[in-house]
Amino acid sequence: MNILYKSLPIDIILCMLWSIILVPISLFNIEGFIRIILGFPFILFIPGYILIYALFPPRKNNQGMNIIERISLSFGFSIALVPLFCFVLNYTPWGIRLESVLFSICIFIISIGFVAVYRWMKISPDERFRISLHLPLQKSQNKLNYTLNIVIIISIIIAVILSSYIILMPKTGEKFTEFYLVGLDKNSEKFSKNLTNGVNTTRIIEIMNHEYKTINYTVELWLINYTQVYNESANKIEYAMQNMWFIYKTNCTLNHMDINYSSKSFIINRNGTFTLTFLLNKMQTPQYNRDKDYIDIAKQKISNAYREIHQWINVYYHTPPKANFTYSPEIPNLNDLIYFTSNTTSPEGRIIEWKWDFGDRNISYGNTIGLDFDGIDNYIDCGNDSNMQPVEGTIEAWIYPKELLGTRTIFTTSADYGERHPSFIIINNMLRLVLTNNTQLEQHTFLTDFKPYTWYYVTATWNSSNVGFYIDGWLKETQSKNITPAGNKFPKRIGAMAPPVWSEAFNGSIKDMRIYNRTLNGTEIQKNYNGNITTDGLVSWWMMNDNGKIAYDSMGRNNGIIYGSNQINQASHIYRNPGSYNVRLTITNENGQIDSISKTIIIT
C-alpha cells in the first residue's frame, strides 16, 4: 500500500495546523472527546515527529529513515521532549500551567516545522521524504526484517491503546475530604484562643471534596469541658470529658473537587478552659438543643464522625476597652503639624491595633511612643544588673502622670527600703530621689507644680556632694548629699515595685528612660530634652517604642520584660484645607474587642 504526496510536506503542514487548532479549544476550556483526540497526538507524537523530520528530511537512504522508523522515534522523542519543557517552565515566572505548556509546545512545533519545511525544500525532489506508507510484509523478504516490522507495528498499536485508555479512564485516586480550621484570611490559623463570655466570635471551616462523588456534609460544633484525672496504673495525668454542650450545626453539598468555607458566629456563656470541637459527617445528623449537655453520647459522637478538629480556648468575662485620644495644639491652624495621642484604656487585654481616620480620606496606624501604666500592677522588670546603680549618676525620663497623690514609682530597685538605690518617684506632687548603700538611706525631695495629663521631662543627678533636680531640661534645685550609694543584685523595675507593694505603682505614661554612670551637666541635659541625646556614660536607655512584650535597652544591656503595660500610640497629620473634620480612633485589643471614638476638629 502506498500513500504519496509530492508537491508539499503535507504531514508537516497537518501537524502545524493540528497544533494551532488545539490552542483555542484548550484555552476556551471546550470539554469532550475532540479535546482528547487533538490533545493526545499533540503531546505524545507531533513534537517528536516534527523534530525527526527536521533532522532527517531525506527519504530512506544513507541519510534518511523509513516511515516505520520515523513513527517509532516520534513517540520516543515526544515522551522525552514534553517533560523537558515542563522541567524548564518550572524555573520560569510562568510555571507549569496549561497555558504555558500549551504555548511552549505549540511554538516548538511551529518553529521546528518551518525548519523542517525549509530543509525538505532544499534537497533534491527525488531525495525528499514523502508520506508513503509502504508495508512490505511479504514473507519473501528477510525474516528478521519481517519480524521487526511486525513487532514495531504491534508495539505502536499497544502504546496507542494503553495511552488512550489511561487518558479516557484515569485511575481513581485516594478518596478523602479536606477539613481545616482557618483564619479570617482563609490561609492561616490567625484566631484568638482567648474568648469573651457573652461576646460573638467566629470560626471558619474549610471543606474540600476529594471523594469522586457528590457528598452532603454536616458540620457540628460542640463545646467540651475536660477535667484532669490521675491514672494510677499508668502513673500519668489524663483528660476526661465532663460535659459536652451543643452549639450549632451547618450543612453543605459539594461535588468532587468543590471547596466550601463555612463561617458562623456563636456565643459562649460559660467561663473556663474548654475545647471547641468540630465534627464532620458525610450524612445528615439529628437536631440537638443548644447548650444542652450531651455527655452521655459524647464518645459515640466523636468516634462516629468522619473528621474531627478541636481547639483549646479560654473563656473569661472581659471588661471592654475604652477608646479616647487628645490632640495638640488644641486650637490647630491650617498647615499645623497636629499630634493625636491615644489615651485608651483596656483593663483586660493589650491593645494590638490603633486606626486613625482623619476625616479627609487619610488614614494612619500611628507609632508607639511610650508605655502606659495602670497604677495597679503594671511594671517592667529590667533585670538585676548593678551597673544601673552607679555611685555617681543621672536618671531621667519623660512622664505623663494621670494621678499625683500617693507614691508613684518611676524607677526603683525592688528590695527593702534601705536597698532601693536609686529610687526615682513622685509622691504627692513632689519629685523624690532616694539613694542608699544597704546600711544608710538618704531622701531628696523637690516640690513640683505638676498637673495631671501633661508630659514632663524629669531628671535627677547625683555626684560626690550634690543632688540636682531638673524639669524640662532646666535646673530647679540643688541639694547637698552625704552618703556614698552602692549597688546590689536585687531586681530593677520601671513603673512599680512589683508585688505586694502595688500602692506605689505609676499611674500614667513613661517613655525615653535613661540611666548614666556619671553626672550630666546642664547643657547635656538641655540637649537631651531637645532630642540630641548624649551617649557618653549611658548605661541603659529604654525608648519604650516597641510593640510586644519586651522593652528593649538601646544599649543592649538590660532589656526589660513588660508586665501589663500598654503601648502609647501617636499619629500626626497636617490639614491642607480649612474646615471641620471628624477624627475617629478605632482600637482593637488582643481579645478581639473593638471600640472607637470620634472628635470634631476645626481647622482655621
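The values are calculated or read from the model by the stated rules, or taken from the named source; none is laboratory data. Fair warning: this is a prediction, and the values are worked out from it, not measured in the lab. Ideal geometry is used to build each Cβ from the backbone, glycine not excepted, and the neighbour counts take in all protein chains shown.
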Practice prompt. For segment 499-514, indicate whether the set of residues that are over 30 Å from D416 (Cβ atoms) and basic (K, R) is non-empty.
Written response: no
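Just checking, which of K527, K549 is touching a strand residue (DSSP E or B) at 6+ places or on another chain (Cβ under 6 Å) and charged (D, E, K, R)?
K549
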Worksheet item: Looking at (1) at pLDDT below 80; (2) of a type in the set (F, W, Y); (3) not in a helix (DSSP H, G or I), which is the one condition that is false for Y91?
Response: (1)
Worksheet entry | Lone qualifier among P329, P286 - being farther than 30 Å from N216 by Cβ and of a type outside the set (V, I, T) | P329
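Looking at segment 457-489, which of its residues are among the aromatic types (F, W, Y) and either at positive phi or surrounded by fewer than 18 Cβ atoms within 10 Å (Cβ to Cβ) (or both)? Please lay out each step first, then the result.
From segment 457-489, those among the aromatic types (F, W, Y) are 457, 462, 469-470, 474; that's our starting set.
Answer for segment 457-489, where residues must be among the aromatic types (F, W, Y) and either at positive phi or surrounded by fewer than 18 Cβ atoms within 10 Å (Cβ to Cβ) (or both): just W474.
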Worksheet item: Inside segment 418-428, can you point out the residues that are touching a strand residue (DSSP E or B) at 6+ places or on another chain (Cβ under 7 Å) and either buried (at least 18 other Cβ atoms within 10 Å of the Cβ) or over 23 Å from S464 (Cβ atoms) (or both)?
Response: E419, R420, H421, P422, S423, F424, I425, I426, I427
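In segment 455-492, which residues are in a loop (DSSP other than H, G, I, E, B), more than 49 Å from the chain's Cα centre (by Cα) and over 23 Å from D512 (Cα atoms)?
Of everything in segment 455-492, those that are in a loop (DSSP other than H, G, I, E, B), more than 49 Å from the chain's Cα centre (by Cα) and over 23 Å from D512 (Cα atoms) turn out to be S464, S465, K481, N482, I483, T484, P485.
Can you pull out the residues in segment 245-259 that are charged (D, E, K, R) and either within 14 Å of T177 (Cβ to Cβ) or touching a residue at least 60 places away in the same chain (Cβ under 8 Å) (or both)? Reasoning before the result, please.
Residues of segment 245-259 that are charged (D, E, K, R), as a first pass: 249, 258.
Within segment 245-259, just D258 meets the criteria.
Check every one of the strands (runs of 3 or more DSSP E) wholly within segment 507-604 and list those with 1 or more residues that are of a type in the set (S, T, N, Q).
On the way: elements: 507-516, 538-542, 560-563, 566-574, 579-589, 594-603.
Once the strands (runs of 3 or more DSSP E) in segment 507-604 are filtered for at least 1 residues that are of a type in the set (S, T, N, Q), what remains is 507-516, 538-542, 566-574, 579-589, 594-603.
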Discussion item. Can you say whether I96 is surrounded by fewer than 18 Cβ atoms within 10 Å (Cβ to Cβ), touching a residue at least 12 places away in the same chain (Cβ under 8 Å) and aliphatic (A, V, I, L, M), as far as the supplied structure shows?
Written reply: no
Worksheet item: How many residues does segment 10-66 contain that are at pLDDT 80 or above and part of a loop (DSSP other than H, G, I, E, B)?
Response: 2
Worksheet item: Does N566 satisfy being over 23 Å from P401 (Cβ atoms) and of a type in the set (S, T, N, Q)?
Response: no
Worksheet item: Is it the case that segment 359-369 has a residue that's modelled with pLDDT of 90 or more, assigned to a strand (DSSP E or B) and either within 26 Å of L405 (Cα to Cα) or in the same structural domain as I587 (by TED's automatic domain parsing) (or both)?
Response: yes
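Counting only residues that are in a strand (DSSP E or B) and surrounded by fewer than 22 Cβ atoms within 10 Å (Cβ to Cβ), which one in segment 370-396 is modelled with the highest pLDDT?
Narrowing segment 370-396 to residues in a strand (DSSP E or B): 370-374, 379-381, 393-396.
The next check asks that each one be surrounded by fewer than 22 Cβ atoms within 10 Å (Cβ to Cβ); those that pass are 374, 381.
On the way: D374: 84, D381: 92.
Filtering first and then ranking leaves D381.
Taking segment 214-231 as the region of interest, how many residues are closer than 21 Å to T250 by Cβ and either surrounded by fewer than 17 Cβ atoms within 10 Å (Cβ to Cβ) or not polar (S, T, N, Q) (or both)?
Filtering segment 214-231 for residues closer than 21 Å to T250 by Cβ gives 214-224.
Going one step further and asking which of them are either surrounded by fewer than 17 Cβ atoms within 10 Å (Cβ to Cβ) or not polar (S, T, N, Q) (or both), we end up with 214-217, 219-224.
The qualifying residues number 10.
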Fill in: Number of the exception - A496 against (1) assigned to a helix (DSSP H, G or I); (2) touching a strand residue (DSSP E or B) at 6+ places or on another chain (Cβ under 6 Å)
(1)
Worksheet item: What tally of residues in segment 429-448 results from selecting those that are modelled with pLDDT under 90 and surrounded by fewer than 17 Cβ atoms within 10 Å (Cβ to Cβ)?
Response: 4
